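Read-outs: derived from the displayed coordinates by stated rules, not from any lab. What you are looking at is a predicted structure, and each value in this text was computed from that prediction instead of being measured. Note that we place each Cβ from the backbone using ideal geometry, even for glycine, and neighbour counts take in every protein chain shown.
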Amino acid sequence: MKKILIAVGMTMALTLPVAAQRGMPQAMQKLLNAEYAISSLYVDSVNEEKLVEDAIKGMLESLDPHSSYTDAKETKELEEPLQGEFSGVGIQFNMNKDTLYVIQTIPGGPSERVGVLAGDRIIYVNDTVIAGVKMKNSDIQKRLRGKKGTKVTIKVKRPGVKELITFRITRDNIPLHSIDAQYMLDERTGYLRISRFGAKTHEEMCDALKELKKQGMTQLIMDLSDNGGGYLNAAIDMCNEFLERGQLMVYTEGENSPRNEANANGWGDYKDLHMVVMVNQYSASAAEIFAGAMQDWDRAVIVGRRTFGKGLVQRPFKFEDGSMMRLTVARYYTPSGRCIQKPYDRGDKKAYEKELLDRANEGEYYCLDSIQINDTIRYTTRLNGRTIYGGGGVMPDVYVPIDTTEYSTYYRDLTAKGIINQYVIQYVDKNRKSVNKQFKSVKEFDNGFVVTDDMMREFIAMGEKDSVKYDEEKFRISEQLLKDIIKGLIARDIYGDQSAYNIIINHRNRDLQAAIAVLNDRQRFDRLLREGNPEYERLVKRHNK
């Protein structure tokens, strides 16, 4: 019986080849044969579209960690944050337990125009209840967003008003900004935090720098911490503002992609601006291109921790159904020839994703001596010839360890349960008018507002109500950290500006304090750009032993 079955199987396989097309590679014929046989002969019904998608995903997964496939919906969600705008109602919101809480309306946006206010709770979207039903954020966004010109009706609960208030909103284009914060740290030092590299990032950066210059900026701290990157062209346009004509900004090269260089045109307005660039382990891709170019041309001091190490170039291939394949076609190289990409094993995405955790376990984030630098990946900067190192990511000129002294399990549990946000929403609800009346600006708020012991008792009680048991010893460890975060979030919610949070919280940002110290010590600043960091040489010698 077994022999008969095998014979039948062989006969079927021989009688169902897809007709070979002239010039088609044998591997492609094999793939088409397999798809044709499965869709035509498999014992159960199959979704042919999903079959092809799974085949594409399988092929890409065997390559590098960044080649990927996304369906139409995923593609739209992936591209939207980088396009610079989307169409919707124009609110920033937070979830207080299972209720949508409006943090602020976008100035001039659809919601502001009809009278929606910060602090409103959205209960209904059209005829659907969204409060108290534990709806996902993505599902809520889907209901609020839509094509420009379409209408949506919402009903909100406003503090102090008994009945629900109904608003009919006409959706419009809503800008998505790349600049998280911009303000003057002192009379001459500008601070600019960029969260992503999108279609309008260069334009936003130039506008922000002009405004800071008007306020007296003569030196700049560019904060790219946690910036996961985005469009290559945005990084190139930004680099162009700071480099001289003809200076190489980045180049790409691959097995089937010839070397392609981007050189500065010399038209930038900030070629002489003293600058520090802040990075950390989550700074990736376009952020690394910018930081790497500034470092390689001795243009800025890089402060923080080694960056992520994402230096593979993806070329998008869009399909007719809106899905997209992003295929790695080349590698990024900094002007000195460093490849930004960290090492990886093909097909082992799990190990690649775990690499940041491995760095933490090895102590790289907490102690300079834990970093291993190999002399075989030594490069030199283009102007001053100082030593810099490759091996994946951008190694900062000034290393700043993470400070964990104020972190406790009590703080972790409060954060995980969302107690900090819940408390801030409740506090702002009750005190928005009085705080606004007492403090006319963020600066006044920063100087005069105090998170009191009574406020902390209310906060602790809210945590206990949600099963976060109070621990006196661990609370004392994290007390000041908690107070600063609460103060910063209150400022953000009341003044409707992410910069407000940064102004309040940045005094405890060790990376920023190190950046300020370097920038204000001109001798040290110039020495770092001329000679590099001697500590790294010690690490190289120790590692090579």
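Would you mind calculating the relative contact order of region 206-311 from Cα pairs under 8 angstrom and at least 6 residues apart, reporting the percent as a whole number?
On the way: 190 pairs, mean separation 33.9, N = 106.
RCO, region 206-311: 32 percent.
Positive end of the charge dipole of region 143-205 (Lys, Arg +1 and Asp, Glu -1 on Cβ, about the Cα centre): tell me which of 178, 197, 153 has its Cα farthest that way.
My answer, from the dipole projection, is 153.
What is the fewest-to-most order of 411, 470, 333 by other Cβ atoms lying within 10 Å of their Cβ?
470, 411, 333
Modelled label-to-label distance, residue 444 and residue 351, 7 Å Cα→beta-carbon offset: nm?
6.0
Enumerate by residue number the trypsin sites (Lys or Arg not before Pro) in region 155-192 meeting two conditions: DSSP loop (anything except H, G, I, E, B), and at most 13 other Cβ atoms within 10 Å of the site's Cβ.
Sites meeting the loop and neighbour criteria: 162.
Let's see if you can work this out: charge +1 on each Lys and Arg Cβ, -1 on each Asp and Glu Cβ, no other charges. What is the dipole magnitude of region 436-545 about its Cα centre, in debye to the nearest 20?
That gives region 436-545 a dipole magnitude of about 620 debye.
Treat each spin label as a single point 7 Å out from the Cα along the C-beta direction, and report the residue 253 to residue 387 distance in nm.
My value for the distance between the label points is 2.4 nm.
Within region 409-508, what is the number of lysine pairs with alpha carbons under 19 Å apart, leaving out pairs fewer than eight places apart on the same chain?
Taking the Cα cut-off of 19 Å, the pair count is 17.
Net charge near residue 127: determine it from the other residues with C-beta under 11 Å of the C-beta of residue 127, scoring Lys and Arg +1 and Asp and Glu -1.
Residues close to residue 127 contribute a combined charge of +2.
Could you tell me how far the Cα centroid of region 308-379 sits from the Cα centroid of region 99-121, in Å?
Spelled out, the Cα-based centre of one part sits 40 Å from the other.
Report relative contact order for the chain in percent, whole number only (criteria: Cα-Cα under 8 Å, sequence separation at least 6).
12
Enumerate by residue number the GluC sites (Glu not before Pro) in region 129-226 meeting two conditions: DSSP loop (anything except H, G, I, E, B), and at most 12 other Cβ atoms within 10 Å of the site's Cβ.
Passing both the DSSP loop test and the Cβ count: 163, 187.
Search the structure for amide H atoms under 5 Å from the amide H of residue 86, placed 1.01 Å from N in the peptide plane, and list their residues when 5 or more places away or on another chain.
Amide H neighbours of residue 86, under 5 Å, 5+ apart: 174, 176.
Quick one: 201, 153, fewest Cβ neighbours within 10 Å first, how do they rank?
Lowest to highest Cβ neighbour count: 153, 201.
With an 8 Å Cα cut-off and a minimum separation of 6 or more residues, compute the relative contact order for region 298-343 in percent.
About 36 percent, as a whole number.
Sort 313, 424 so the one with the fewest other Cβ atoms within 10 Å of its own Cβ comes first.
Working: 313 21, 424 25.
Placing the least packed residue first, the sequence is 313, 424.
Compute for the chain: radius of gyration divided by Kirkwood radius, i.e. Rg/Rh, restricted to C-alpha atoms, rounded to two decimals.
Details: Rg = 27.3 Å, Rh = 26.8 Å.
Radius of gyration over Kirkwood radius for the chain works out to 1.02.
Could you list which residues have their amide H under 5 Å from that of residue 332, counting only those 5 or more apart in sequence or on another chain, with H placed in the peptide plane?
312, 313, 340, 341
Taking the Cα centroid of region 191-227 and of region 481-540, what is the distance between the two, rounded to the nearest whole Å?
15
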